[in-house]
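**Student:** Take a look at this one; I'll ask things after.
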Protein chains: 2
Amino acid sequence: MGDIRDGEIALPFDPATATPDAGLVFIGCIRSPWTVREDCPKNMNAAREHGLPAEVLIDAPYRQGLDGLDGVSHVVLLSWLGQARRDLIVQKPRHAARPRGTFSLRSPVRPNPIGLHIARLVSVDAASGVLALDAIDVLDGTPLVDVKPYYASTDAIPEARTGREA
Amino acid sequence: MGDIRDGEIALPFDPATATPDAGLVFIGCIRSPWTVREDCPKNMNAAREHGLPAEVLIDAPYRQGLDGLDGVSHVVLLSWLGQARRDLIVQKPRHAARPRGTFSLRSPVRPNPIGLHIARLVSVDAASGVLALDAIDVLDGTPLVDVKPYYASTDAIPEARTGREA
């Protein structure tokens with residue numbers, strides 16, 4: 001299972017080896033500039049600061065699903081962060097002052113390591129399955145599980161607060 | 001597999017019965033006012049118009065993961081919309097003028113039927129595992145796969161457009 005830091009709490013079982021309640025299929029992967037974890041930006045804002053674009057490559061059987069995405073300015077990508085351990089329910093990220101519950105963090109360490117990324121959609125080529133993005137905050141080769149259009153009407157809540165603002 | 005409408009396209013395989021690439025564990029469920037599909041709002045704005053609150057119930061082993069969520073105004077919920085078929089890659093929702101690629105829609109019908117819902121977090125009771133929400137747009141009993149804090153800094157893009165605006 002790997003080490004645990006002071007104040008961290010592991011589940012009494014590992015979701016990675018538990019009997020799954022549902023199964024995912026990978027629909028493609030993310031091509032990113034980041035090949036080692038130390039370089040990989042921790043969120044989309046940090047990724048954008050690097051000014052490096054990224055791509056999604058959708059596998060052939062799923063490419064017809066891209067029809068109608070042109071004209072969409074931003075997409076929600078759901079990725080599978082399968083390199084992360086899944087058994088920590090309280091964790092202390094390096095930047096955090098104290099251990100926190102996993103569901104109060106965006107850490108990839110969680111029972112179901114699904115990453116949520118909102119990226120600007122620069123272009124769509126349905127024939128080759130390539131979506132060009134302004135930036136991404138995951139390692140090269142990260143599997144993709146879903147693409148959704150981002151709807152400002154339901155998804156943009158600029159007044160949202162985390163209680164951790166300075 | 002079920003019927004297919006004019007212009008819809010099915011995958012040559014069904015992701016529901018394909019060998020999974022990754023497995024999910026359910027961490028709880030959503031308690032909603034909606035028990036039949038015909039009543040269930042199609043998105044969070046429609047759900048809010050009803051003025052009916054909802055709850056998330058987190059299963060006991062995962063409740064420590066809620067520590068630190070108090071103070072967070074909005075959460076991202078990822079649900080498992082397991083009643084939806086998974087094999088349509090081009091589909092025609094009843095409200096749509098023409099068939100569209102699945103990834104250009106927020107329909108629950110998709111290869112990995114993960115629902116994305118951004119709700120206002122009214123209260124958190126970590127001991128009982130209950131999150132009170134302002135509203136929800138899924139059926140009662142829908143399984144939950146993740147809770148994340150919503151960060152306006154990365155998740156709110158009010159200027160996003162879908163190209164389908166009037």
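The values are calculated or read from the model by the stated rules, or taken from the named source; none is laboratory data. Remember, it's a predicted structure, so these values are computed and weren't measured experimentally. Here the Cβ positions follow ideal geometry from the backbone for every residue, glycine too, while neighbour counts run over all protein chains shown. Surface areas here come from the heavy atoms of the whole protein model, side chains and all, with no ligands, DNA or RNA. Shrake-Rupley method; radii C 1.70, N 1.55, O 1.52, S 1.80 Å.
**Student:** With a cut-off of at most 15 other beta carbons within 10 Å, and DSSP calling the residue loop, which trypsin sites (Lys or Arg not before Pro) in the range A:96-164 qualify? Please list them.
**Tutor:** A:Arg161, A:Arg164
**Student:** From the alpha carbon gyration tensor of the protein assembly as shown, can you work out the equivalent ellipsoid semi-axes (sqrt of 5 times each eigenvalue) and give them in Å, largest to smallest?
**Tutor:** 29, 24, 20
**Student:** For A:Arg98, go 7 angstrom from Cα along the Cα-to-Cβ vector, then report the distances to that same point in the other copies in nm, smallest first.
**Tutor:** 5.7
**Student:** Moving on to the next point. Please report which chain B residue places its beta carbon nearest the axis carrying chain B onto chain A, with the distance rounded to a whole angstrom.
**Tutor:** Spelled out, residue of B and its Cβ distance from the axis onto A: B:Ala156, 2.
**Student:** State in Å² the accessible area per residue of chain B; use a 1.4 Å probe, count heavy atoms of protein chains only, and round to the nearest integer.
**Tutor:** Here the residues of chain B average 44 Å² of exposed surface.
**Student:** In peptide B:56-67, what is the residue-averaged number of other protein chain Cβ atoms found within 10 Å of each Cβ?
**Tutor:** Other-chain Cβ atoms within 10 Å of each residue's Cβ, averaged: 5.
**Student:** Still on this structure, I have one more. What does the helix-only formula give at 222 nm for chain B: each DSSP H stretch with n ≥ 4 adding -39500 (n - 2.57), the total divided by the residues, and the result rounded to the nearest 500 deg cm²/dmol?
**Tutor:** Counting only the DSSP helices, I get -1500 deg cm²/dmol.
**Student:** Which value, in Å² and to the nearest 10, is the accessible area of A:Thr35 when all protein chains are kept and the probe is 1.4 Å?
**Tutor:** The accessible area of A:Thr35 comes to roughly 100 Å².
**Student:** Next up: Sequence-distant or interchain residues sharing an amide H contact under 5 Å with A:Ile89, placed H: which?
**Tutor:** When sequence neighbours closer than 5 places are left aside, the close amide H contacts are A:Ile9, A:Ala10, A:Leu11.
**Student:** Taking a point 7 Å out from Cα toward Cβ as the label site, list the nm distances between A:Pro158 and the same residue in every other copy, smallest first.
**Tutor:** 0.2
**Student:** Next question. Under a point spin-label approximation (7 Å from Cα along Cα-to-Cβ), what is the B:Asp134-A:Arg98 distance to one decimal in nm?
**Tutor:** A separation of 2.8 nm, rounded to one decimal place.
**Student:** Right, another one. Mean separation of Cα pairs under 8 Å and 6+ residues apart, divided by the residue count of chain B: what relative contact order is that in percent?
**Tutor:** Relative contact order for chain B comes out at 35 percent.
**Student:** With θ set to phi - 60°, apply the Karplus curve 6.51 cos²θ - 1.76 cosθ + 1.60 along the range B:48-58 and write out the HN-Hα couplings as whole Hz, x wherever there is a Gly or Pro.
**Tutor:** 5, 4, 6, x, 9, x, 8, 9, 10, 10, 8
**Student:** Still on this model: Shortest first, in nm, what separates the label point of A:Asp70 from those of the same position in the other copies (7 Å along Cα→Cβ)?
**Tutor:** Ordered by increasing distance: 5.3 nm.
**Student:** Still on this model: Between A:His50 and A:Asp125, what length in nm is gained on full extension when 0.36 nm per residue of separation is reduced by their alpha carbon distance?
**Tutor:** 24.6 nm
**Student:** Still on this structure: At a Cα cut-off below 25 Å, give the lysines reachable from B:Lys148, other chains included and same-chain residues fewer than 8 away excluded.
**Tutor:** Answer for B:Lys148, where 25 Å is the Cα cut-off: A:Lys42, A:Lys92, A:Lys148, B:Lys42, listed by chain and number.
**Student:** Mind listing the long-range amide H neighbours of B:Asp146? Cut-off is under 5 Å, sequence gap 5 or more, other chains count too, H placed in the peptide plane at 1.01 Å from N.
**Tutor:** Close amide H contacts, sequence-distant or interchain: B:Leu78.
**Student:** Let me ask something else about it. Summing both sides, how much accessible area is buried between A and B? Use a 1.4 Å probe and give Å² to the nearest 100.
**Tutor:** The summed interface area works out to 6300 Å².
**Student:** Ok, one more. Using a 1.4 Å probe over the heavy atoms of the protein chains, calculate the carbon and sulfur portion of the accessible area of the protein assembly as shown as a whole percent.
**Tutor:** Carbon and sulfur together cover 52 percent of it.
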